[in-house]
Amino acid sequence: MSMFASASAPLTPGRNLVLIGMMGVGKSAVGRRVAERLQRPFVDTDAKIERETGRSVPELFAEEGERGFRAHEAAVIRALSSVRGQVISLGGGAVTDPANVTNLRMSGDLVWLDASPEVIAMRVGDGSDRPMLAGVRDLKGHIRELSAARREAYRKAATRRVDTTDRSLDDIVEEVLRFARNQPGLLSREEQAQL
């Protein structure tokens, strides 16, 4: 094989686009739409953990505790970070582990989707299907505390913050894509040309 790529060979894929933030900010919905526009694979880390373990996130929390779940999450993040050209949606607490952030930055750029605690509370309903909210009496208060506790980790990890409060999905997707277009190395030349 020639040491030069043929004209029809695909170019090197761009860096991963990684969406971080609290539950209910739109990471999965935005991630799917962005991946579709870029024609990239979309990976939701929570869904990947569920497929690989054969258990739901609430089951993992119940059986192994948060620490056990975070170990599965870190393994998935290490594996995903070794591949480029993906759109990845992370669980809300993933970037509280600095090792995860280091791994993700090796092959990706992190975008923090943010929303007010009141909007998050409205979007997550009663929170019963989310381990970090299950059994909480004051849902809004707990979300406010959790958001405040994670805010600095999100700020430090992210290259860009996008507020999703009171914005349409299309508007958020367009802002993320504008960021991607202007972030060196994030998109391949082919992706830049198609946008």
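Just so you know, all these numbers are worked out from the coordinates, no wet-lab data involved. What you see is a predicted model; the values in this text were computed from it and never measured. Backbone-built Cβ (ideal geometry, glycine too); neighbour counts: all protein chains shown.
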Based on the Cβ-Cβ distance from Q192 to S56, what FRET efficiency comes out when R0 is 45 Å, to the nearest 0.05? 0.70
If R0 is 41 Å, what FRET efficiency do you get for A134 and R84 from their C-beta distance, rounded to 0.05? 0.70
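Taking 0.36 nm per residue of separation and subtracting the Cα-Cα distance, what length does fully extending E118 through Q183 add?
So the extension gain works out to 20.3 nm.
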Using a Gaussian network for the chain with springs between C-alpha atoms less than 10 Å apart, which of these wobbles most: V18, V57, V111? V57
Which entry in [x] 17.4; [y] 16.6; [z] 20.6 matches Kirkwood radius over Cα pairs in Å derived from the coordinates of this structure? [x]
Under 16 Å from the Cα of K140, which aspartates and glutamates turn up, not counting those fewer than eight places away in the same chain? D114, E118, D126, D129
Relative contact order of the chain, pairs being alpha-carbon contacts under 8 Å that are 6 or more residues apart, as %: 32
Ignoring everything except DSSP H segments at least 4 long, calculate the 222 nm mean residue ellipticity for the chain; use -39,500 (n - 2.57) per segment, divide by total residues, nearest 500. -16500 deg cm²/dmol
Would you work out which of L90, L133, G68 lies farthest towards the positive end of the dipole of the chain? Charges go on Cβ: Lys and Arg +1, Asp and Glu -1. L90
Separation of the A71 and R160 label points, Cα + 7 Å toward Cβ, nm: 3.7
Using Cα positions and a limit of under 19 Å, work out the lysines in reach of K27, with same-chain residues fewer than 8 apart set aside. K48, K156
